[in-house]
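The values are calculated or read from the model by the stated rules, or taken from the named source; none is laboratory data. None of the values given here were measured: they were computed from a predicted structure. Cβ atoms come from the backbone with ideal geometry, glycine included; neighbour counts cover every protein chain shown. Ligands, DNA and RNA are excluded from the accessible area calculation, which covers all protein heavy atoms including side chains. Shrake-Rupley method; radii C 1.70, N 1.55, O 1.52, S 1.80 Å.
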Amino acid sequence: MDTAIEMARDVREGKRSSEEIVQECLDRIEGGNEKLNALLGTFDDALERARGIDERRTAGEDVGPLGGVPVILKDNMLVKGERCTAGSRILENYDAPYDATVTKRLRAAGAVLIGRSNCDEFAMGSSTENSHYGPTRNPWDTDRVPGGSSGGSAVAVATGFAPLAFGSDTGGSIRQPASLCGVVGLKPTYGRVSRHGLVALASSLDQIGPFARTVEDAALALEVIQGDDPLDATTVAGADASIPELLERDVKGMRVGVPKEYFLEGMDEDVRRTVMDAIAVYEKAGANIVEISLPNAPYALASYYVVMPSEACSNLGRFDGIRFGYSSEGSTLLETYERSRGEGFGPEVRRRIMLGTFALSKGYADAFYRKALKARTLIKRDFDDAFKDVDVIATPTSPSVAWPIGEKFNDPLAMYLADIYTVSANMATIPGMSIPCGFVNELPVGLQLLGRTFDEYALFRAGAYYQSVTDWHTRTP
Ligand code: GLN
């Protein structure tokens, strides 16, 4: 399976047509998706758009950095005229009235959007079991979860449905499924990528990012989608627009921090060893490995699970059964709200609406919501301090490999613990990337690299170096 960069080069040089490449991906989807349930739909105009790229190329036009390359979007990003369900029943009949900014930028770069991927309902979950449209399966062992919430996108890249897919990451939803499926997943710095046209979960945490096989592909994808957007006021103007000539394949002298709080008791011993082996690769290459401390790390998960539901319950207020989406009419307006939301939202979404409403309610907001915000500030400061001494931080992405479908489904706390190493990056607004770093019991393990805000380049440099001396990322299920 070629990378996105290779496909774009082949199209540009006329070696292969985009139509041929897209058709190959559609054939793989046709053959593999029934079992995996990674995609909720493909786009009818994919081949036509591919032919459009081929015609433009033949006419001598520059078709863009992703010219002719098939890509997949998580089903919470809008593509005009296409269904967008966010994995929820409440949006089962919702067709997007406009394109997300990411959608527009991908098209402008020549990408061919071919389908939409399954996810936990409203991106709430760590296993893609919370989708109204059934669970997605892990291609390395189809009785196991792929991680979540962007599980469908991770599986799509792992199985070659497309070389690039996009997800959203509010507390780990790109990095954790990337880890469990053996692909690269990047959560950019908060403010790097516009969320206009992304179904909002927790607006102070959400960020869109790519899944790919190689770090170079992820870097190219980020370059295409990043940047200031008047339609998302959190985007930052002047963020480094080009990812410089990738990538010095050298980490000599780079300072790699290893936080002692991230190798806790309770994590899988084999995963710990695998991640330590990955860190040893940097040491061997002449990087300086520095033990660091992030003393407030133990509060990250608890404060995340207050901030996130608080923002989510507010964002989900718009689904009222009146303006759009699933509607179940009652005899009064209140009953219509109750029924539409009660029937339209699944159990995890209802749980978080209740948690968030409680955490924000009068008399409790100080004890929960505001206290969590204070913890968030401390978590951010820990990273600011650490990055005075190191260039990147290396941790496990997930405390375990993929677990059997159903194992944590009825145990929300166990499910939330799967995010223990990923939520901090969202709380601190810093970028994080997971790269494949080995296997335990034939299931992929991910190494998480964290960087300073707007320093994705350090992650790319460290990640590309690692991939240049290892071959974990070349294995396929
Ligand atoms: N698994 C985490 C949660 O359930 C993260 C979700 C996400 O990043 N969208 O909240």
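Positive end of the dipole of the range 281-388 (Cβ unit charges, origin at the Cα centre): among Thr377, Leu294, Gly346, the Cα lying farthest that way belongs to Thr377.
Note on the chain: helix-only mean residue ellipticity at 222 nm, from DSSP H runs of 4+ residues weighted -39500 (n - 2.57) and normalised by residue number, equals -11500 deg cm²/dmol. Normalised per residue, the accessible area of the chain is 38 Å², obtained with a 1.4 Å probe and no contribution from ligands, DNA or RNA.
When you filter the GluC sites (Glu not before Pro) in the range 1-103 for DSSP loop state and at most 16 other Cβ atoms inside 10 Å of their Cβ, you are left with Glu13, Glu61, Glu92. Distance from the Cα centre of the range 358-397 to that of the range 162-229, in angstrom? Result: 21 Å between the Cα centres. If you plug the beta carbon distance of Glu283 and Leu47 into 1/(1 + (r/R0)^6) with R0 = 51 Å, you get a FRET efficiency near 0.55. Label-to-label distance, Thr474 versus Ala365, with points set 7 angstrom from Cα along the beta-carbon direction: 5.7 nm. Taking chymotrypsin sites (Phe, Trp or Tyr not before Pro) across the range 345-404, the ones in a DSSP loop with at most 16 further Cβ atoms lying within 10 angstrom of their Cβ are Tyr364. Net charge of the neighbourhood of Arg341, taken over other residues with C-beta under 9 Å away and scored Lys/Arg +1, Asp/Glu -1, is -1. Remark: accessible surface ordering of Ile5, Ile435 (largest first) is Ile5, Ile435, probe radius 1.4 Å.
Quick check on my link table: of Lys260/Lys374; Lys187/Lys252; Lys260/Lys380, which ones sit more than 21 Å apart, alpha carbon to alpha carbon? Those over the limit are Lys260/Lys374; Lys187/Lys252. In this structure the amide hydrogen of Arg144, modeled in the peptide plane, comes within under 5 Å of the amide hydrogens of Asn138, Ile405, none closer than 5 places in sequence on its chain. Among the protein heavy atoms of the chain, carbon and sulfur supply 49% of the accessible surface, probe 1.4 Å, non-protein parts ignored. Only Lys, Arg, Asp and Glu carry charge here, each on its Cβ (+1 for the first two, -1 for the last two); on that basis the range 379-421 has a dipole of about 100 debye about its Cα centre. Its Cα gyration tensor gives the chain an equivalent ellipsoid, and the semi-axes of that ellipsoid, as √(5λ) in whole Å with the largest first, are 31, 30, 20. Each eigenvalue of the Cα gyration tensor of the range 1-75, multiplied by 5 and square-rooted, gives one semi-axis; in descending order these are 24, 12, 10 Å.
For Thr58 and Arg323 in the same chain, what is the full-extension length gain: residue separation times 0.36 nm, less their Cα-Cα distance, in nm? Write down the numbers at each step before the final one.
Working: separation 265, 0.36 × 265 = 95.40 nm, distance 4.56 nm.
Full extension from Thr58 to Arg323 adds 90.8 nm.
Only protein heavy atoms count here; under a 1.4 Å probe, Tyr299 has an accessible surface of about 130 Å². The charge dipole of the range 113-213, taken about its Cα centre with unit charges on the Cβ atoms of Lys, Arg (+1), Asp and Glu (-1) only, comes to about 340 debye.
In square nanometres, what is one fourth of the surface area of the convex hull spanned by the alpha carbons of the range 293-383? Don't skip to the answer; put the middle values down first.
On the way: hull surface 28.2 nm².
If you wrap the Cα atoms of the range 293-383 in a convex hull and average its projections, you get 7.0 nm².
Compute, for the chain, the length of the dipole vector about the Cα centre, with Cβ point charges of +1 (Lys, Arg) and -1 (Asp, Glu) only. Units Debye, rounded to 20. Walk me through the numbers on the way to the answer.
Numbers: 51 positive and 67 negative charges, 206 e Å.
I would put it at about 980 debye.
Loop-located trypsin sites (Lys or Arg not before Pro) in the range 355-438 (DSSP state not H, G, I, E or B) with no more than 11 neighbouring Cβ atoms inside 10 Å: Lys362, Lys388. With both residues required to sit in the chain, DSSP beta bridges show an antiparallel share near 70%.
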